[in-house]
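So the structure is just underneath, and the comments pick up after that.
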Amino acid sequence: MAIPDKKGFFGEFGGKFAPETLRALLDDLDRNYAKAKKDPSFKREFDYYMKNYVGRPSPLYHAEKLSKRFGAKIYLKREDLNHTGAHKINNTIGQILLAKRMGKNRIIAETGAGQHGVATATVAALFDCECDVYMGEEDIKRQSLNVFRMELLGARVIPVSSGSKTLKDALNEATRDWLKNVDNTFYIIGTVSGFHPYPMMVRDFQSVIGKEARKQILQAEGRLPDYLVACVGGGSNAMGLFYPFIKDKNVKMIGVEAGGLGIKSGKHAASIVNNEIGFLHGAKTYVLQSDEGQITETHSVSAGLDYPGVGPELSYLSKIKRAKFDVITDKEALNGFKMMCHEEGIIPALESSHACAYLEKMKLKKKDIVIVNVSGRGDKDINTVYSLIKGGK
């Protein structure tokens with residue numbers, strides 16, 4: 001599976017569309033990552049922290065009540081049980097180990113829902129690095145608890161007031177910072193979007209999810225699942241689950257995008273379902289854009305899905321019809337959130353609730369096996385859900 005190619009393309013998607021100064025940084029990162037991948041000591045160190053710090057492997061839990069409700073075997077990949085409460089820590093551990101090898105002692109990051117920011121602040125504290133996290137003002141309001149967590153961990157949260165004041169704009173500001181501080185700064189991007197080699201690198205670190213799930217389902221059921229379901233914003237939790245199963249043609253992969261107030265309303269974050277190709281943060285991919293090619297504002301109840309593009313490898317999987325993509329609206333996601341609370345005693349992130357809610361749309365048979373990625377826990381979303389439920393009364 002030789003993708004991406006040397007220029008960072010997954011078919012027609014991806015690449016490294018960047019000014020010369022930034023291209024030099026990305027080329028250096030690419031070379032260093034290629035060396036690290038071939039070094040057994042890098043893998044040993046990564047595996048050590050995955051086991052002893054993050055708490056992996058995360059459980060693959062047979063959800064009996066959901067299974068009874070939907071008439072099939074439903075398994076939940078419990079990334080919400082990781083240290084820091086989401087899948088994001090898998091990637092930040094990998095990237096900060098790479099930063100150490102490159103002699104960088106200042107870390108920057110962008111964040112939407114705050115989970116990547118918290119995970120970055122966590123590893124920066126662990127490895128004694130200075131840490132600045134860029135976060136849109138709108139997301140700071142929605143995720144005040146995660147802002148405080150980052151600050152407790154020693155990070156500085158820098159508000160971004162440009163554009164839609166969300167994840168896209170935070171990424172823009174972090175990139176500008178990186179260009180100004182090239183000598184001592186490492187940029188930990190949180191998803192499989194953006195310039196090469198980030199989509200490949202983040203996918204590789206997150207593929208621990210799918211590798212574990214594959215081994216666990218074979219142990220539990222003696223065969224591979226019929227379906228994999230994961231929410232999609234930028235797409236790191238989905239690619240992490242999907243990647244080790246791509247060659248298994250009988251395993252259907254479903255990515256669930258944020259339908260917001262509905263596709264026809266224009267207030268959503270469903271880049272792939274919207275089906276327009278453009279350029280965002282240095283990569284060719286599916287994006288939300290105007291007729292003039294300008295990136296448009298998005299809407300989702302979940303800050304982590306509130307992004308106007310998607311990882312290029314997911315665009316590629318959609319284009320070749322290896323993966324299917326659909327949407328769940330804000331209202332359906334809230335119902336999925338409540339369903340998980342009532343049925344399984346699990347409070348999922350609103351992002352993960354999109355994937356859980358998709359079970360309602362599936363036409364399942366008794367023999368079917370489904371793995372749903374619960375990418376994060378919902379502690380961070382309690383205030384949002386409280387206001388939605390109380391406000392809706």
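The values are calculated or read from the model by the stated rules, or taken from the named source; none is laboratory data. What you see is a predicted model, and the numbers here were worked out from it, not measured in a lab. No Cβ is skipped: glycine too gets one built from the backbone with ideal geometry, and neighbour counts run over all protein chains shown. Calculation scope for accessible area: heavy atoms of the full protein, side chains included, ligands and nucleic acids excluded. Shrake-Rupley method; radii C 1.70, N 1.55, O 1.52, S 1.80 Å.
Do any GluC sites (Glu not before Pro) in the range 135-196 lie in a DSSP loop with no more than 11 other beta carbon atoms within 10 Å, and if so, which?
Answer in residue order: no site qualifies.
Hey, if you put +1 on the Cβ of every Lys and Arg and -1 on every Asp and Glu Cβ in the chain, which of 314, 279, 57 ends up farthest toward the positive end of that dipole?
My answer, from the dipole projection, is 57.
Give me log10 I(q)/I(0) at q = 0.16, 0.27 Å⁻¹ for the range 196-268, Debye formula, one equal scatterer per alpha-carbon, no solvent.
Taken in order of the listed q values, log10 I(q)/I(0) reads -0.63, -1.18.
If one computes the Cα centroid of the range 200-235 and of the range 147-183, what distance in Å separates the two points?
If we compute the Cα centre of each part, the gap is 30 Å.
With N set to the number of residues, divide the alpha-carbon radius of gyration of the range 255-344 by 2.2 N^0.38 Å and report two decimals.
Computed over Cα atoms of the range 255-344, the ratio equals 1.12.
For the range 104-227, what size does the Cα cloud have along each of its three principal axes, sorted from largest down, in whole Å?
51, 33, 27
I need two numbers for the chain: Rg to one decimal and Dmax as a whole number, Cα atoms only, in Å.
Every Cα atom of the chain included, Rg and Dmax give 19.3, 57 Å.
Please pull out the direction-averaged projected area of the range 206-363, using the convex hull of its alpha-carbon atoms, in nm² to one decimal place.
Mean projected area of the Cα convex hull: 9.6 nm².
Given the Cα atoms of the range 17-63, and with Rh set as the inverse mean 1/r over their pairs in the Kirkwood sense, what is Rg to Rh to two decimals?
Taking Rh as the inverse mean 1/r over Cα pairs, Rg/Rh reads 1.25.
Loop only per DSSP, at most 14 neighbouring Cβ atoms within 10 Å: give me the GluC sites (Glu not before Pro) in the range 1-80, ordered by residue number.
Sites meeting the loop and neighbour criteria: 12.
How much area per residue is accessible in the chain when the probe is 1.4 Å and only protein heavy atoms are counted (Å²)?
Here the per-residue accessible area is 40 Å².
Please identify the trypsin sites (Lys or Arg not before Pro) of the range 1-108 that satisfy two criteria: DSSP loop assignment and at most 13 other Cβ atoms within 10 Å. Which are they?
6, 7
Relative contact order, percent, of the range 90-147 when contacts are C-alpha pairs under 8 Å separated by at least 6 residues?
Relative CO of the range 90-147 lands at 38 percent.
For the chain, give the percent of accessible area contributed by carbon and sulfur heavy atoms, probe 1.4 Å, rounded to a whole number.
51
Taking the square root of 5 times each eigenvalue of the Cα gyration tensor, what semi-axes in Å does the equivalent ellipsoid of the range 1-130 have, largest first?
Largest first, the range 1-130 gives 31, 21, 15 Å.
Per residue, how big is the convex hull of the range 311-387 when only Cα atoms are used? Give it in Å³.
Convex hull volume per residue, Cα atoms: 116 Å³.
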